[in-house]
Structure formats: structure tokens, C-alpha cells
Amino acid sequence: MIPAERLSVSRLMHMLSRTCCVVSVRLHGTIAGLVAGAPVVPVAYDPKVRPTLEAAGFEGPILEMGEFPESLAEALDLATSGHGGSSRASKDAR
């Protein structure tokens, strides 16, 4: 999703909360999706992504850049089936 107009934080969170899944190669996009309560499939582009998400209690698949195309369909299925793609923090926030 690339909006044509600049969005407020509340509008962005509302849009993310209504999406079927957030796939993000940026840590902040992943965090925004989790905070909004959307299923998330993060792509670990940087060494900080995996330990940060694991420390936050993220339970879904975390893709690596090299495996992104091959594993995306399976990760999307897991994230949207309710068997992953969330964290303890986002569950507690709801």
C-alpha cells in the first residue's frame, strides 16, 4: 500500500487494522501492523529485525530476504489463519 496523500497516524492505524495482512521489509512497518492488530509477515532485511520481534513475543514466521519469494505464500497463509503473525504485545493491547 502506498497512499497518494499524506496520512495521519490514526488514519494509517485504521487502514492497517482493516487490511488482510501486512508484509513489511521495514521494522517500523511491521511494528505499525502489529500495533494495529493486523496479521503481519515481516521480512528480515537487517540483523536487528529477528531479535527485536522475538523479544516482543512475535510468534509468526519471519522471512529472510533470500527466501522471500519462495516462502511468502506459506507465511501469508499462517499469518491470516490465526496461527501466527502476532505478538504477545499486540494481543495484550487489544
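Every number here is computed from the coordinates shown, using simple stated rules; none is lab data. The shown structure was predicted, so the numbers you read here are calculated from the model rather than taken from an experiment. Neighbour counts run over all protein chains shown; Cβ positions are idealised from the backbone, glycine included.
The table below gives the values:
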{"read-out": "At most 15 other Cβ within 10 Å, DSSP loop - trypsin sites (Lys or Arg not before Pro), the range 1-51", "value": "6, 18, 26, 48"}
{"read-out": "Footprinting exposure proxy for 10, 17 (fewest neighbouring C-beta atoms within 10 Å first)", "value": "10, 17"}
{"read-out": "Sorted by Cβ neighbour density within 10 Å, fewest at the top, the residues 16, 63", "value": "16, 63"}
